[in-house]
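Student: Got a structure for you, written out below as structure tokens; questions coming shortly.
The values are calculated or read from the model by the stated rules, or taken from the named source; none is laboratory data. Given the structure is predicted, the values throughout are model-derived calculations rather than measurements. Don't worry about glycine lacking a Cβ; one is built from the backbone with ideal geometry, like all the others, and counts go over all protein chains shown. Only protein heavy atoms, including side chains, enter the accessible area calculation; ligands, DNA and RNA are left aside. Shrake-Rupley method; radii C 1.70, N 1.55, O 1.52, S 1.80 Å.
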Amino acid sequence: MSDRLHTLSGYLYEYQKSIAQPEEFWARIADSFHWRKRWDNVLKWNFDGPDVKWFVNAKLNITENIFERHLYTIGDRPAIIWEPSEPNEPTRTITYRELFVEVCRFSNVLQDKGIKKGDRVIIYMPMVPEAAIAMLACARIGAIHSVVFAGFSSNALADRVIDCEAKAILTSDGNYRGNKKIGVKSVVDEALEKSSVETVIVYQRTGQEVTMKDGRDFWWHEVMAGQSEKHVAEEMDSEDMLFILYTSGSTGKPKGVVHTTGGYMVYTQYSFSNVFQYSPGDVYWCTADIGWITGHSYIVYGPLLAGATTLMFEGVPTYPNPSRFWEVIEKHKVNVFYTAPTAIRALQAFGTDPIQGYDLSSLKVLGSVGEPINEEAWHWYHTHIGKGRCPIVDTWWQTETGGILISPLAGITPTKPAYATLPLPGIQLCIVDPEGNELKGNSVEGNLCIKFPWPSMIRTTYGDHDRCKQTYFSTYKGMYFTGDGVKRDHDGYYRILGRVDDVINVSGHRMGTAEVENAINEHPKVIESAVVAYPHEVKGQGIYAYVICDMTNRTEENLINEIKEMVSKIIGPIAKPDKIQIVPGLPKTRSGKIMRRILRKVAEGSLDSMGDTSTLLDPDVVEKIIEGRK
Ligand code: 6R9
């Protein structure tokens with residue numbers, strides 16, 4: 001790719017240019033894409049609305065930039081290599097040409113079912129290539145996809161279906177988790193009890209029994225049979241919505257982060273090529289699920305736009321044993337491996353024996369994403385997986401940012417353990433104190449903001465623009481607020497310190513404390529609850545819930561189990577509290593605010609640094625909470 005940087009001085013030069021003349025900079029990057037009509041202006045923006053438009057009035061289709069743009073040169077190159085959960089099951093390799101055919105056929109299926117440009121389609125599928133085909137077919141016909149992680153509960157799915165008024169759901173019969181078959185379609189059936197979804201298309205993965213509703217539910221293989229392999233892509237405006245992805249914030253209800261077409265396309269390819277220094281022919285493997293933004297930007301869109309070979313893995317790191325990742329790397333000669341600190345820590349716990357005997361010499365670049373990587377995990381990854389020769393790119397970004405904003409460029413930026421290092425070209429970071437004053441210079445610590453738009457940034461929260469404004473653009477005037485704390489060290493390197501709001505990061509999955517509290521409060525015996533994070537060896541953060549309950553006719557043990565089940569059912573197993581403590585009261589200020597600071601201290605066991613508790617309504621309650629600590 002012509003837009004790839006090769007040296008540190010090249011990066012520094014481009015960075016300066018991208019700040020001095022952002023429009024010229026991005027116009028040059030965007031030039032290598034296929035636009036049916038070029039833009040009138042590169043950028044129009046204000047952060048008060050917020051109202052951000054990139055490549056104004058340009059027309060394109062993102063899938064034309066994956067397929068038609070590349071087909072004559074790389075049609076026979078593998079686009080997707082799929083590795084199943086079960087090591088004995090055959091892998092699938094799908095070339096760009098073959099993927100194009102499948103996407104065209106499925107685009108025709110969707111249009112046959114009456115799905116049109118602008119309609120919302122939920123994708124609730126396991127990690128199979130058809131999930132990517134489903135996303136790309138939506139993009140090709142101009143439908144807006146919203147992928148929901150297949151581990152989410154029927155309630156969580158129903159909330160999303162209702163919020164975006166989905167017209168169709170694309171799903172599967174079941175999913176493999178280890179050696180178990182998990183129902184997927186059955187969850188959809190439950191979620192759809194009260195909805196107006198007209199069409200459900202079911203991909204057969206496990207062959208398990210499912211119920212199909214006449215006139216609404218169709219088998220993927222049946223509707224695909226006999227479909228034409230030709231499809232003309234819908235013309236999209238640069239600012240037409242590409243997808244909605246729900247994510248947790250500090251309030252109860254997940255919000256639908258909206259990404260649009262042109263800017264997202266340009267930025268995901270650019271960041272992918274540069275951060276990972278991808279060379280044609282390399283096998284690239286990102287272990288995320290497509291239900292997360294990492295799967296969207298760096299399994300599907302970024303790599304496929306760049307003409308890369310992207311490996312999709314259906315399984316988990318520890319099935320059938322903790323050598324599974326290393327076996328897959330050896331088998332497919334993976335060159336770039338991108339995973340999460342939680343997976344690294346989980347595997348680190350098994351020691352180095354599971355790595356012995358696997359040939360990891362194909363690896364060139366290692367990546368990390370989702371949460372701060374602790375130094376110990378960084379060194380383990382670097383020494384035992386990268387054998388000391390592979391640079392680690394610690395990539396910081398968010399659902400809302402659409403793509404990686406702070407990261408080393410592999411092999412170019414000198415790394416430092418636990419540091420995301422430097423911003424990508426075009427990214428204007430700003431550290432502010434709680435009053436919103438910019439902290440200039442090095443050796444400073446504060447809240448991380450961004451003061452200038454970048455192409456793949458959030459445009460709105462679906463159906464509620466004011467929420468987008470309130471959440472991201474109101475805390476500090478004229479800036480996008482990330483919700484993360486950060487330090488800039490004496491070298492100007494950035495280290496992310498974690499969330500400063502009420503968002504918990506469990507194994508790289510975001511959860512709002514309010515969201516978990518709402519689920520706990522659904523239990524009829526619960527009077528009030530407060531949820532905080534505490535340090536967890538493998539997950540990074542664990543969930544600690546303090547709950548006030550009506551204990552009549554109940555034992556503590558069965559109540560705790562019931563509450564855990566409740567949360568699992570309402571949100572999904574990943575939100576299940578690790579610890580639940582039944583308490584007689586919660587520490588509150590005189591104005592009724594829960595003092596989470598104190599609850600956090602108790603949860604992490606820092607009992608001697610409780611700070612000032614004199615403003616509490618009832619200081620004694622803290623003693624009782626400490627006594628009953630889990
Ligand atoms: C891509 C993704 C976003 C939050 C983000 C931050 C944390 C992500 C990180 C990191 C430290 C990194 N985070 N990458 N913290 N170092 N390299 O994870 O998106 O699910 O929206 O989470 O994750 O706290 O604000 P998302």
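Student: Report the Cα-based extents of segment 180-316 along its three principal axes, largest first, to the nearest Å.
Tutor: Ordered largest first, segment 180-316 gives principal extents of 48, 43, 38 Å.
Student: Are any of the pairs Lys59/Lys477; Lys364/Lys416; Lys331/Lys539; Lys194/Lys469 more than 21 Å apart by Cα-Cα distance, and if so, which?
Tutor: Exceeds cut-off: Lys59/Lys477; Lys331/Lys539; Lys194/Lys469.
Student: Next question, about the same structure. Sort segment 321-439 into rounded, prolate or oblate with this rule: let a ≥ b ≥ c be the square roots of the eigenvalues of the Cα gyration tensor; rounded if a/c is under 1.5, and if a/c is not under 1.5, prolate when a/b is larger than b/c, oblate otherwise.
Tutor: prolate
Student: Please state the Cα pair-distance histogram of segment 121-176 with 5 angstrom bins from zero: what percent is in each bin?
Tutor: Once binned at 5 Å, the Cα pair distances of segment 121-176 give 5, 20, 33, 24, 15, 4, 0.
Student: Still on this structure: Could you tell me, in Å, what Rg and Dmax come out for the Cα atoms of segment 503-629?
Tutor: 14.1, 39
Student: Which value, in Å², gives the accessible area per residue of segment 65-234 when a 1.4 Å probe is used on the protein heavy atoms?
Tutor: Heavy-atom SASA per residue in segment 65-234 reads 39 Å².
Student: For the chain, what is the convex hull volume of the alpha-carbon atoms per residue, in Å³?
Tutor: So the per-residue hull volume is 159 Å³.
Student: Could you tell me whether segment 35-174 comes out rounded, prolate or oblate from its Cα gyration tensor? Rule is a ≥ b ≥ c as square roots of the eigenvalues, rounded for a/c under 1.5, then prolate if a/b exceeds b/c, otherwise oblate.
Tutor: It is oblate, given that a/c is not under 1.5 and a/b is not larger than b/c.
Student: According to the Kirkwood expression over distinct Cα-Cα pairs, how big is the hydrodynamic radius of segment 584-630, in Å?
Tutor: 10.6
Student: Hey, what number do you get for the chain at 222 nm if only DSSP H runs of n ≥ 4 count, each worth -39500 (n - 2.57), divided across all residues, to the nearest 500?
Tutor: So the helix-based figure for the chain works out to -7500 deg cm²/dmol.
Student: Using a 1.4 angstrom probe, figure out how much accessible area segment 376-419 has per residue, in square angstrom, rounded to the nearest whole.
Tutor: Normalised by residue count, the accessible surface of segment 376-419 is 27 Å².
Student: Have a look at the DSSP beta bridges in the chain and tell me what percent are antiparallel, nearest 5.
Tutor: Taking every DSSP beta bridge with both residues in the chain, the antiparallel ones total about 60 percent.
Student: Just to confirm, what accessible area per residue do you get for segment 503-629 at 1.4 Å probe, in whole Å²?
Tutor: Accessible surface, normalised per residue, equals 46 Å².
Student: Could you give the DSSP H helices of the chain that reach 20 angstrom or more along their long axis (alpha carbon positions) and whose average Kyte-Doolittle hydropathy is no lower than -1.0?
Tutor: Within the chain the helices that satisfy the rule are 96-112, 261-275, 556-570.
Student: OK, next. In terms of the ratio Rg/(2.2 N^0.38 Å) built on C-alpha atoms, what value belongs to segment 251-315?
Tutor: Normalised by 2.2 N^0.38 Å, the Cα Rg of segment 251-315 equals 1.21.
Student: With all protein chains present, how much of the accessible area of the chain (probe radius 1.4 Å) comes from carbon and sulfur, to the nearest whole percent?
Tutor: 49
Student: Looking at the P(r) of segment 298-385, how many percent of alpha-carbon pairs lie beyond 17 Å?
Tutor: Of all Cα-Cα distances in segment 298-385, 50 percent exceed 17 Å.
Student: Long-range amide H contacts for Phe218: which residues qualify at under 5 Å (H placed 1.01 Å from N, peptide plane, sequence gap of 5 or more or a different chain)?
Tutor: Close amide H contacts, sequence-distant or interchain: Val200, Ile201, Val202.
Student: Go through Gly262, Tyr246, Val101 and say which Cα lies farthest out towards the positive end of the charge dipole of the chain; charges sit on Cβ, +1 for Lys and Arg, -1 for Asp and Glu.
Tutor: Of the candidates, Gly262 comes out farthest on the positive side.
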